[in-house]
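Every number in this text was worked out from the coordinates using simple rules, so none of it is lab data. Predicted, not measured: the structure shown is a model, and the values here were computed from it. Here the Cβ positions follow ideal geometry from the backbone for every residue, glycine too, while neighbour counts run over all protein chains shown.
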Amino acid sequence: MKTLTTQVAILGAGPAGLMLAHLLHLAGIESIVVELRSRQYAEQRIRAGVLEQTTVDLMNDAGVGARMTREGLRHHGIELGFRGERHRIDLSDLTGGKCVTVYGQHEVVKDLIECRLADGQPILFESTEAALKGVDTDHPSLQFIYRGEPHEVKCDYIAGCDGFHGICRPAIPASSITLYDREYPFGWLGILAEAPPSREELIYQNSPRGFALYSMRSPTVTRLYLQCEPQEDLSQWSDERIWDELNWRLTGADGWTPTPGKIIQKGITGMRSFVAHPMQYGRLFLLGDAAHIVPPTGAKGMNLAIADALVLSQALTGFYIRNKTEALAAYTAGCLSRVWKVQRFSWWMTSMLHNFADDNPFDRQRQIAELAYVTTSRAAATTLAENYVGLPLMT
Ligand SMILES: Cc1cc2nc3c(=O)[nH]c(=O)nc-3n(C[C@H](O)[C@H](O)[C@H](O)COP(=O)(O)OP(=O)(O)OC[C@H]3O[C@@H](n4cnc5c(N)ncnc54)[C@H](O)[C@@H]3O)c2cc1C
């Protein structure tokens with residue numbers, strides 16, 4: 001067994017793990033990142049794409065925002081569509097000038113990997129059979145196989161950044177963790193299309209046949225979603241059927257339709273709300289999807305993962321630089337007070353915009369009234385806008 005030693009062992013090179021590693025490096029704290037997948041896989045995994053103002057500010061402050069600033073698309077508003085009309089929510093006007101930036105999660109991952117490797121810091125890609133040891137002792141370690149050889153990283157702390165299906169959360173005894181969970185009775189069928197955006201801002205569409213989202217990833221690629229069954233059979237969705245359904249749901253009274261193009265990727269995403277409490281057990285800390293999941297309607301998953309990384313990096317900096325452990329002890333409370341507000345927002349957007357199979361005509365009218373209220377009351381629109389651009393960190 002090859003033994004390595006570091007201060008913080010990080011399992012998972014997604015947005016949470018990579019951002020944590022980078023912030024620790026800036027603070028002079030050593031870490032080793034251990035990742036199951038290859039670099040190429042991690043850099044091509046298409047997922048989230050909307051960065052809150054808070055995430056953008058953090059990327060810039062941390063010196064990894066240059067390409068995002070050059071290539072990201074700044075959006076000052078979104079549109080809500082219902083009853084055949086679209087209504088703009090002016091995010092910047094309602095939040096004192098804040099906005100969101102459309103920049104793919106895989107681009108954030110690429111930038112963070114490039115920065116870490118340029119700093120000469122380790123990411124052990126394609127590490128298999130990871131196992132946690134001694135997380136409830138003062139000497140935890142991470143064991144895994146790397147390049148065919150068993151490895152052990154001895155460390156002070158382990159950061160579990162290995163996503164919802166990872167091994168870190170299940171390593172916490174059931175008696176020491178409470179799981180809050182809600183599954184939604186629908187999923188999203190998402191496509192990437194080689195089609196220049198024909199609309200400048202995202203459209204969140206409530207239609208009688210279900211939700212649709214019009215968004216974009218670059219000046220040449222659009223990203224669109226349709227509400228579908230959670231176990232939808234993708235083989236039943238030809239490209240033609242997808243475009244027909246998008247047109248049906250998104251076309252408004254003004255006749256606008258999304259520009260069609262070659263579909264280069266499609267997939268089904270399940271929808272759930274999930275929170276693990278606490279986010280710490282002994283010397284193991286959970287970050288990002290390992291600790292919480294939101295339905296993507298609020299565009300928050302990646303932003304929450306990066307916010308956790310900031311909170312934990314500050315707590316670890318307090319420990320290593322100032323010999324203080326209070327912030328480490330307060331990690332769960334520091335993250336979850338904001339996470340629960342973001343859960344509420346993501347659930348609310350999901351409830352307002354999707355069709356639920358057991359809705360009756362009363363529910364449908366109430367949903368439309370809610371959309372009408374949000375798009376005509378400045379107070380209601382402000383609550384949407386301030387959540388969408390990102391609540392202040394550590395609230
Ligand atoms: C298909 C899909 C679409 C999504 N779309 C959106 C969206 O539109 N908007 C939005 O806000 N959010 C979206 N999300 C959610 C968002 O992508 C996540 O919230 C975000 O990726 C969380 O980052 P993370 O670093 O916590 O976890 P992840 O990005 O999941 O990273 C975890 C990392 O850990 C690695 N790993 C896992 N197990 C092990 C192991 N045993 N050993 C070593 N490494 C391991 C994985 O390979 C991965 O690299 C989507 C998620 C999915 C799955």
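Numbers at a glance
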read-out	value
Restricting the stretch 109-156 to residues that are in a helix (DSSP H, G or I), among the hydrophobic types (A, V, I, L, M, F, W, C) and free of Cβ contacts under 8 Å to residues at least 40 places away in the same chain, the residue that is nearest to Ser175 (Cα to Cα)	Leu117
One residue from Gly255, Gly288, Gly267, Gly261 being surrounded by fewer than 23 Cβ atoms within 10 Å (Cβ to Cβ) and within 11 Å of the ligand (Cβ to nearest atom)	Gly267
Residues satisfying the stated conditions in the stretch 167-188, i.e. hydrophobic (A, V, I, L, M, F, W, C) and within 11 Å of the ligand (Cβ to nearest atom)	Ile167, Cys168, Ala171, Trp188
Unique match (being closer than 30 Å to Thr69 by Cβ and surrounded by fewer than 14 Cβ atoms within 10 Å (Cβ to Cβ)) among Asp111, Asp119, Asp181	Asp119
Sole exception among (1) among the aliphatic types (A, V, I, L, M); (2) within 24 Å of Gln105 (Cβ to Cβ); (3) loosely packed, with under 15 Cβ neighbours inside 10 Å; (4) without any contact (Cβ under 8 Å) to a residue 40 or more places away in the chain for Leu304, by number	(3)
Residues of the stretch 318-356 that turn out to be in contact with a strand residue (DSSP E or B) (Cβ under 6 Å, 6 or more places away or on another chain) and not in a helix (DSSP H, G or I), as a count	1
Identity of the residue in the stretch 152-166, near the ligand (Cβ under 10 Å from one of its atoms) and either surrounded by fewer than 17 Cβ atoms within 10 Å (Cβ to Cβ) or among the polar types (S, T, N, Q) (or both), that ends up farthest from the chain's Cα centre (by Cα)	His165
Residue match in the stretch 34-50 (condition: under 25 Å from Leu213 (Cβ atoms) and more than 9 Å from the ligand (Cβ to nearest atom))	yes
